[in-house]
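To start, the structure under review is shown below, and the notes come after it.
The values are calculated or read from the model by the stated rules, or taken from the named source; none is laboratory data. These numbers were taken from a predicted model, which means no experiment stands behind them. Glycine also receives a Cβ, built like all others from the backbone with ideal geometry; neighbour counts cover every protein chain displayed.
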Amino acid sequence: MNEDKVYDCAIIGGGLAGLCLSIQLAQKGFDVVLIEKNSYPFHKVCGEYISLESWDFLTRLGIPLEQMNLPIIKNLSITSENGFKVSALLDLGGFGISRFNLDEKLATRAKQVGVLLLENTTAKNVTLENDIYTITTNSLKLKSKLAFGSFGKISPSFISGENSAKKGAYLGVKYHIKTTFPNDLIELHNFKDGYCGISKIDNDTYCLCYLTTVKNLKDNSNSIYEMEKNVLMKNPYLKKIFTESTFLFDKPLAISQIGFNKKKTYTNNLIMLGDAAGAIAPLCGNGMSIALRTSHFLSEYVAKFLEHKISKQELIDKYNKQWNANFSTRIKTGFYLQELLGKNFLTLMSLKFLNAFPNVLNKLISLTHGKSF
Ligand SMILES: Cc1cc2nc3c(=O)[nH]c(=O)nc-3n(C[C@H](O)[C@H](O)[C@H](O)COP(=O)(O)OP(=O)(O)OC[C@H]3O[C@@H](n4cnc5c(N)ncnc54)[C@H](O)[C@@H]3O)c2cc1C
């Protein structure tokens, strides 16, 4: 590899945000390098329910969703720890697909359209001198005109300030399971200090994924199994799922110390996107769509900059303005909704209220989602 070459764009992190940005920029004719520390395919902690707002976009990028026989999810149920249930029809709805499958399909597409995709490569540092970035990785150095941070919720150690890696209070756990469950339903089950989602994905499999506090784990001898037995299974719906399903992973897939604090869209000289620019509470089920939509409008501004139609400062300002216009309300609503869940009495009262006023529930769901793009 020629380390003196100056790429148009270097993107750090090949999740949905980084992969989709790289594909769109390469399709516009730019020279793009994408750095990913893992190698595809690999599993990720994620509920794997994607809002249908992203269907057309992913199809346009070249992912043949129509041919993949994916479950379309139109119904939502939420339960309290003692088993009180509220149901609603989802206005827009979503579809289920594993990250193992989706990220790999996007990575293959990125290579097809000319992205230089460096797997097993970890970004260690970024410097900017005379308008040229140097990205140092575990194995090589790269130069580029622009550099992007799409490294997800947990920032690398070279990021300082508001976007730096802070020890968040939450833990995410995911399983793939075989079970008996409707194809078109997503359920969100509450338990003390957390909630657990279940919905169908590809391959006749279901994704079972929950978010709780690190404290909950500590209080249960740091054992995920103890916590599931002592805390999650108090909810009768979760007890049934945990005791009557076949679990396909050897052990739970977990990420710990995640947080949902406010972040900046430009810092440490990097343009941030996806969770690196700010993560929405998982219960809203549209963090992935935020990552995808961001890559869409960001790619337009980047093209204008590289074609000398706007300055770098204009790129940064326009992107930040559009990011806030699109996502500030969603993220705030998600944060307040998350505060209502996982608190036994408060959750039960909130669900009883939503059961009595179903229009409020529909309004809340629509506030956390966007239109097709
Ligand atoms: C428990 C839980 C459940 C969720 N459920 C849903 C859901 O059902 N629906 C939904 O829409 N959203 C959900 N989300 C949110 C969703 O997973 C994220 O919003 C989405 O993955 C963000 O994509 P991203 O590309 O920003 O980050 P990621 O997908 O996390 O990708 C970041 C990539 O960067 C790589 N990386 C990190 N550091 C470096 C480095 N230094 N060098 C090179 N590579 C690096 C990582 O390996 C990773 O591949 C959930 C989140 C959690 C925590």
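Data table
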read-out: Residue within the range 214-226 that is under 30 Å from Thr136 (Cα atoms), of a type in the set (D, E, K, R) and at pLDDT 95 or above present; value: no
read-out: Of the criteria (1) surrounded by 22 or more Cβ atoms within 10 Å (Cβ to Cβ); (2) over 29 Å from Gly13 (Cα atoms), which one Cys46 fails; value: (2)
read-out: Any hit, the range 349-362, residues being aromatic (Phe, Trp, Tyr) and either modelled with pLDDT under 90 or under 19 Å from Gly172 (Cβ atoms) (or both); value: yes
read-out: Filter pass, Met288 being more than 8 Å from the ligand (Cβ to nearest atom) and not acidic (Asp, Glu); value: no
read-out: Qualifying residue in the range 273-285 (condition: on the phi > 0 side of the Ramachandran plot and at pLDDT below 95); value: yes
read-out: Close pairs (7 angstrom Cβ cut-off, 6 or more residues apart or separate chains): modelled with pLDDT of 95 or more and among the basic types (Lys, Arg) in the range 31-46, crowded, with 18+ Cβ neighbours inside 10 Å and part of a loop (DSSP other than H, G, I, E, B) anywhere; value: Lys37/Thr121
read-out: Residue in the range 160-169 that is in contact with a strand residue (DSSP E or B) (Cβ under 7 Å, 6 or more places away or on another chain) and closer than 13 Å to Tyr49 by Cβ present; value: no
read-out: Within the range 59-124, strands (runs of 3 or more DSSP E) holding 3 or more residues that are surrounded by fewer than 18 Cβ atoms within 10 Å (Cβ to Cβ) and touching a residue at least 12 places away in the same chain (Cβ under 8 Å); value: 72-79, 85-96
read-out: Count of residues meeting criterion [in a helix (DSSP H, G or I) and either near the ligand (Cβ under 8 Å from one of its atoms) or out of contact with any His (no Cβ under 8 Å at 6 or more places or on another chain) (or both)] in the range 21-58; value: 11
read-out: Some residue of the range 157-164 being away from the ligand (no atom under 14 Å from the Cβ), under 27 Å from Phe305 (Cβ atoms) and either crowded, with 18+ Cβ neighbours inside 10 Å or among the hydrophobic types (A, V, I, L, M, F, W, C) (or both); value: no
read-out: Unmet criterion (only one of (1) under 21 Å from Asn82 (Cα atoms); (2) within 13 Å of the ligand (Cβ to nearest atom); (3) buried (at least 21 other Cβ atoms within 10 Å of the Cβ)) for Leu283; value: (3)
read-out: Residue match in the range 331-348 (condition: at pLDDT below 95, closer than 19 Å to Tyr266 by Cα and part of a helix (DSSP H, G or I)); value: yes
read-out: Among (1) closer than 30 Å to Ser164 by Cα; (2) part of a loop (DSSP other than H, G, I, E, B); (3) within 25 Å of the chain's Cα centre (by Cα), the one test that Ser256 misses; value: (2)
read-out: Flag for Ala277 being away from the ligand (no atom under 15 Å from the Cβ), over 30 Å from Leu232 (Cα atoms) and not polar (S, T, N, Q); value: no
read-out: Subset of the range 293-321 that is buried (at least 24 other Cβ atoms within 10 Å of the Cβ) and within 16 Å of the ligand (Cβ to nearest atom) - its residue that is farthest from the chain's Cα centre (by Cα); value: Leu298
read-out: Pick from the range 203-218, criterion of a type outside the set (A, V, I, L, M, F, W, C) and touching a Ser or Thr at 6+ places or on another chain (Cβ under 9 Å), ranking: nearest to the ligand (Cβ to nearest atom); value: Tyr206
read-out: Residue list for the range 90-109, restricted to those being away from the ligand (no atom under 14 Å from the Cβ) and under 25 Å from Glu339 (Cβ atoms); value: Asp91
read-out: Matching option when the condition is away from the ligand (no atom under 11 Å from the Cβ), under 21 Å from Lys363 (Cα atoms) and surrounded by 15 or more Cβ atoms within 10 Å (Cβ to Cβ), among Asn268, Asn326; value: Asn326
